[in-house]
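Right, one structure below, let's go through it.
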Amino acid sequence: MEQYYNKLMECVLEGEEEEAVEITRAEIEGGTDPLDIVQKCLVPILDDVGDKFSKLEIFLPDLIMSADVAKAVKDEIRAHLLSSSNGSESSGKVVIGTVQGDVHDIGKNIVATLLEVNGYEVIDLGNDVAPYTFIETAKREKVDIIALSSLLTTSMPYMVDVLKTLDGLGIRDQYKVIVGGGPVSAEWAESIGADGYSNDANEAVELCRKMMAERKAG
Amino acid sequence: MKSHTRLLTVLDRMDNGPVMEEKDFDKLISKTVRGLIKKYSLKYDRSEAIITDDDLADRFFEAGLELACTTGVYCTDTHTQMIFSKEEILQALRWAPDALTIGSGLDQCTIVTRRPEDPVVPKIVGGGFGAPIPEEWFSAVMESYAKEPVIDSIVGCNFFTTHGRTPKTRSPWEVLLAWREVELIKSAAQRAGRPGISIGVVENAVSEIGELSGSSYGGFPQCDWHHTCFVSELKTNYGLLIKVAHLVKTGCIIHSFYNPILGGYAGGAEGVAICAVAGIIMECVVNMATTFSICPTHPFYNCDTAPELIWAVSAAQQAVNRNTHLLTTVMTSPVSGPMTESLLYECATMATAATVSGTARIDGVRSAVGVEILHVTGLEARFNGEIAHAAAGVSRKDANEMIKEFQKHYVPYLDKRPIGKSFLEAYDPVKVEPTQEWLDMYGKVKDEVGRIGLKMKY
């Protein structure tokens, strides 16, 4: 796993998509749990890349290049996960996106993928999403959960805007709102009135399961 | 106007340029900038506040010109690259004005080309540059700028409310915003005794709607300066080009701004400087502007006073002011707000850096990066102007050492967001006079700036 981690880090920093996919496929075929690859390799590597950007040691084009590699790896993992899951009825409907001003979407993509493989219907709005776009989509698509991601502190206030606008429209109680991303914390989530926070993709799935149980109960 | 004759060529290039995906244009900018940094040996030197080397400045100009020729400007509505040949670009630069008279009657003034270390005093613009202001205080805030004699021209703030309502851009409200700006900014100028002072307009025109309405009959005249811009990096769109077409056809003065983003597709300080040079050049070609502003932006602090950006501004301004006669302007956009000493040191830094780099007009101050309600006052704009007057004729070498000292007083606070106090606390808002506390702070920093070595004239 350590050897794979180091190779994957090199691929992410150098923008080597094909090689990253090849070594990931080999790692899975060698018996490593795909979810371990996500949690123990991909997520820490992307955290490191995000940290480098926050110190301006790398710039946006480097970040995008890293994201492209990570997306290719994630697609490979997703293919393996989907092939081993059964297609039962939807566990719930989630609209997910990275909030306005932030173009980081890898963490969000991983959450979206894991939600999909766990039976959720996911509407992924991508990145740099305006607050009202989340709400319009939630209304139109009749979703259960609005999931907001941010990797930049400067974008986190847009999460507040989503909640304030839902309040203003008198529809706050129609949706569960969950938040996550690098600088987001449980304290922050509580302070802005979000319904939940997750530290990683697996927690996000558990959180959504809990939210759906609450909705069905209540 | 002889520099306004390219409109049809510009629109032809908009329609018929090479088609490209926007993300591919972004990559092209990034790749080209990185190549030019290597080709011209451009390297940000953290140990210096500004550049002091003519050869380095000239290499930045060559790099910026090459970027302009290579990428052109991208139109996000037609998905085309608007490409111009080097000869066409040089021709546009050749016929751009080297002097501009703005305003009317006794309040007219003339902006002229300056060179690095030029003893000619730059012209001064004062205003909040889009800072949000409730309409009941808009006129008083604007009067606080217009009444300062060191200020030659003023520029508006944005309405937080209008007619008691919360306005929306790109809606009929934008028309009302533009006309509220006409009404209240002109009354402020009148009360200050400067009815003909030139105004930067239409500040509340986020889209073309406000500009077209606010510069129509009875609105802002041709001798005010009318804004358009590029979007980062090196992009335009129908809305911005509609403004250009309207301003050309109505004979208005065009002021164009462009704000490259540190850490974005431009990359680091060197890349920001290259993009700024290319942006100014292409604003001359595409937007047919007469004055050209840059306000590069920090990705986390949103200011232009971070050390990397001060260095980049000095590089870009020296590059353009040594190699063209364009009328350049630089805006001070600090993190700090009124009634903080750090605000005044941010002003001292940017106004000194720009003035010794040959900038023709010094603009500001968008205090607290223009996002805090009512956190702007005329006093910091007075100080910004007084610094520029004092710095005219100072050598870049001396300015470099002074700026290093100024920066010690605010750089540690950049991530703290010291937004200070509002206009209502910093001024007597009815008499439109600064409070004694704010005046004392201003006096203290002036003394310290003098002790550091910048001899204030007033």
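Residues that are surrounded by fewer than 17 Cβ atoms within 10 Å (Cβ to Cβ) and under 15 Å from the mean Cα position of the chain (by Cα) within region A:44-67 comprise A:P44, A:D47, listed in sequence order. The set of residues in region A:122-147 being in contact with a Gly (Cβ under 7 Å, 6 or more places away or on another chain) and more than 20 Å from A:I64 (Cα to Cα) consists of A:F134, A:D144, A:I145. When each of B:A92, B:A131 is tested for being in contact (Cβ under 8 Å) with a residue 40 or more places away in the chain, among the hydrophobic types (A, V, I, L, M, F, W, C) and under 23 Å from B:S215 (Cα atoms), the lone residue that passes is B:A131. Taking region B:26-61 as the range and being within 18 Å of B:I310 (Cα to Cα), within 24 Å of the chain's Cα centre (by Cα) and among the polar types (S, T, N, Q) as the test, only B:T52 passes. Going by the structure shown, is B:S41 within 14 Å of chain A (Cβ to nearest Cβ) and either crowded, with 20+ Cβ neighbours inside 10 Å or not in a helix (DSSP H, G or I) (or both)? Spelling it out, it is not the case that B:S41 is within 14 Å of chain A (Cβ to nearest Cβ) and either crowded, with 20+ Cβ neighbours inside 10 Å or not in a helix (DSSP H, G or I) (or both).
Report yes if B:D107 is touching an Asp or Glu at 6+ places or on another chain (Cβ under 9 Å) and farther than 30 Å from A:M65 by Cβ, otherwise no.
On the way: touching an Asp or Glu at 6+ places or on another chain (Cβ under 9 Å): yes; farther than 30 Å from A:M65 by Cβ: yes.
For B:D107, the condition - touching an Asp or Glu at 6+ places or on another chain (Cβ under 9 Å) and farther than 30 Å from A:M65 by Cβ - is met.
Among residues of region B:301-325 that are within 14 Å of chain A (Cβ to nearest Cβ) and over 12 Å from B:A353 (Cα atoms), those with a Cβ under 7 angstrom from a residue that is at pLDDT 95 or above and not in a helix (DSSP H, G or I), sequence gap 6+ or separate chain, pair up as B:Y301/B:V335; B:C303/B:S333; B:C303/B:P334; B:C303/B:V335; B:E308/B:Y44; B:E308/B:G268.
Here B:P172 fits the description: at pLDDT below 95 and over 19 Å from the mean Cα position of the chain (by Cα). Within region A:127-161, the residues that satisfy the criterion of being in contact with a strand residue (DSSP E or B) (Cβ under 6 Å, 6 or more places away or on another chain) and either at pLDDT below 95 or assigned to a loop (DSSP other than H, G, I, E, B) (or both) are A:N127, A:V129, A:V143, A:D144, A:S149, A:S150, A:S155, A:Y158, A:M159.
From the list A:E27, A:E2, A:E89, which residue is charged (D, E, K, R) and either in contact with a His (Cβ under 7 Å, 6 or more places away or on another chain) or modelled with pLDDT of 90 or more (or both)?
Numbers: A:E2 fails: either in contact with a His (Cβ under 7 Å, 6 or more places away or on another chain) or modelled with pLDDT of 90 or more (or both); A:E89 fails: either in contact with a His (Cβ under 7 Å, 6 or more places away or on another chain) or modelled with pLDDT of 90 or more (or both).
Criteria check complete, one pass: A:E27.
Considering only region B:227-242, I want to know if a residue exists there that is more than 14 Å from chain A (Cβ to nearest Cβ), touching an Asp or Glu at 6+ places or on another chain (Cβ under 7 Å), part of a loop (DSSP other than H, G, I, E, B) and of a type outside the set (F, W, Y). Yes, that holds for at least one residue. Note on region B:76-114: residues that are in a strand (DSSP E or B) and out of contact with any Phe, Trp or Tyr (no Cβ under 8 Å at 6 or more places or on another chain) total 7. Evaluating B:V313 against the criteria (1) over 16 Å from B:L56 (Cα atoms); (2) of a type outside the set (D, E); (3) within 12 Å of the chain's Cα centre (by Cα) leaves one unmet condition, (1).
When region B:210-234 is filtered for residues that are surrounded by 19 or more Cβ atoms within 10 Å (Cβ to Cβ) and either among the basic types (K, R) or under 16 Å from B:E181 (Cβ atoms) (or both), the ones remaining, listed by number, are B:G210, B:E211, B:L212, B:S213, B:G214, B:S215, B:G219, B:F220, B:D224, B:W225, B:H226, B:H227.
When you look at B:R194, is it in contact (Cβ under 8 Å) with a residue 24 or more places away in the chain and either within 25 Å of B:L454 (Cα to Cα) or not in a helix (DSSP H, G or I) (or both), yes or no? Criteria met by B:R194.
Only residues that are touching a Phe, Trp or Tyr at 6+ places or on another chain (Cβ under 6 Å) and either closer than 15 Å to B:V231 by Cα or within 14 Å of another protein chain (Cβ to nearest Cβ) (or both): list them for region B:278-293, please. Before you say what the answer is, go through the steps one by one.
Here is the first cut: in region B:278-293, the residues touching a Phe, Trp or Tyr at 6+ places or on another chain (Cβ under 6 Å) are B:279-280, B:283, B:285, B:293.
Hits for region B:278-293 are B:G279, B:I280, B:E283, B:S293.
Suppose the filter is away from chain A (no Cβ under 14 Å) and closer than 23 Å to B:T161 by Cβ; does B:E181 pass it? Yes. Scanning region B:420-458 for residues being surrounded by 12 or more Cβ atoms within 10 Å (Cβ to Cβ), assigned to a helix (DSSP H, G or I) and of a type in the set (D, E) gives a total of 3.
Quick check: anything in region B:331-339 at pLDDT 95 or above, part of a strand (DSSP E or B) and either closer than 18 Å to B:L379 by Cβ or within 14 Å of chain A (Cβ to nearest Cβ) (or both)?
Of region B:331-339, the ones at pLDDT 95 or above are B:331-339.
Keeping just the survivors that are part of a strand (DSSP E or B) gives B:331.
From the residues that got through so far, the ones that are either closer than 18 Å to B:L379 by Cβ or within 14 Å of chain A (Cβ to nearest Cβ) (or both) too are B:331.
Yes - at least one qualifying residue is present in region B:331-339.
The values are calculated or read from the model by the stated rules, or taken from the named source; none is laboratory data. It should be emphasised that the depicted structure is a prediction, and the values quoted were computed from it without experimental measurement. We place every Cβ from the backbone using ideal geometry, glycine too, and count neighbours over all the protein chains shown.
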